[in-house]
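The values are calculated or read from the model by the stated rules, or taken from the named source; none is laboratory data. Treat the numbers as computed from the prediction; the structure is a model and nothing was measured. Virtual Cβ from ideal backbone geometry, glycine too; neighbours counted across all protein chains shown.
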Amino acid sequence: MLNQLIVALLSSGALAGLIFLLRRVTKVQVWDERWHACFVTANQGWFWRRVAWVTQPKLMVGWCFLLAVVQWSTRGWLGALGVLAGLGGANVIGIIIKHTLKRPRPVQHLAHDDGYSFPSGHVLGTTVMTVMLWQLYGPAWWLAGSLLLWWGLVAYSRLTLRAHYPSDVVGAVLLALSWLSWLKWLIQLLGWF
């Protein structure tokens, strides 16, 4: 339980620090644009668009409900509730941050990638689902490798499709880790599992 609290505090602090830097230090935007240029390629082909489509936030909610049904059948309603709270809570916090910061997307992003940039909703949902799947079904090496590969493809797709800056991806990961750690700490504190 102490480990969860430590991870929650560290990731929350890092996320708060990143948000502070994005709002107050203009050189961070310059750095972000330079790093972003390293990831952007002329090839925005079907593969990267499919990766982004499968992990779009609306579809990720469907994947989450599917996982919740599996959890309901194997671990009961608390397992299903934990899965739904994991993605649902992260999405709500992500939307609040997006509409508070109002960070514009990178130049030349795809037309259907509307809205604000920070944090990446695709990466947030994928990170939450990856961590939850690992916690529920790990620690097999093949599962870890598959989840890490999938996460990497999603993160890279958001950069190469010009939808997000690198800090948007980092912020999404920090938010996911922070929220899931706080949630797991609370669940353990209440003795639900």
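General observations
- Of all residue pairs spaced 6 or more apart or on separate chains, those with beta-carbon atoms under 8 Å, a first member in segment 112-137 that is farther than 23 Å from residue 84 by Cβ and surrounded by 17 or more Cβ atoms within 10 Å (Cβ to Cβ) and a second member that is at pLDDT below 95 and of a type in the set (Ser, Thr, Tyr) are 117/165; 118/165; 118/167.
- Restricting segment 153-192 to residues that are charged (D, E, K, R) and in a helix (DSSP H, G or I), the residue that is farthest from the chain's Cα centre (by Cα): 184
- Lone qualifier among 53, 48, 72 - being surrounded by 13 or more Cβ atoms within 10 Å (Cβ to Cβ) and over 22 Å from residue 90 (Cβ atoms): 48
- Odd one out for residue 145 among (1) within 20 Å of residue 57 (Cα to Cα); (2) in a helix (DSSP H, G or I); (3) out of contact with any Leu (no Cβ under 6 Å at 6 or more places or on another chain); (4) not hydrophobic (A, V, I, L, M, F, W, C): (1)
- Matching residues, segment 144-169, being in contact with a helix residue (DSSP H, G or I) (Cβ under 9 Å, 6 or more places away or on another chain), under 17 Å from residue 129 (Cβ atoms), of a type outside the set (Gly, Ala, Ser) and at pLDDT 90 or above: 147, 148, 150, 151, 153, 154, 169
- Of residues in segment 18-42 being surrounded by 11 or more Cβ atoms within 10 Å (Cβ to Cβ), part of a loop (DSSP other than H, G, I, E, B) and not hydroxyl-bearing (Ser, Thr, Tyr), the one modelled with the lowest pLDDT: 40
- Residue in segment 62-102 that is farthest from residue 122 (Cα to Cα), counting only those that are in contact (Cβ under 8 Å) with a residue 40 or more places away in the chain and among the β-branched types (Val, Ile, Thr): 83
- A single entry from 105, 34, 49, 23 fulfils the requirement of being free of Cβ contacts under 8 Å to residues at least 40 places away in the same chain and among the basic types (Lys, Arg): 34.
- In the set 59, 15, 87, only one residue is part of a helix (DSSP H, G or I), touching a Cys at 6+ places or on another chain (Cβ under 9 Å) and closer than 18 Å to residue 155 by Cα; that residue is 87.
- From 15, 10, 5, residue being more than 12 Å from residue 171 (Cβ to Cβ) and in contact (Cβ under 8 Å) with a residue 60 or more places away in the chain: 5
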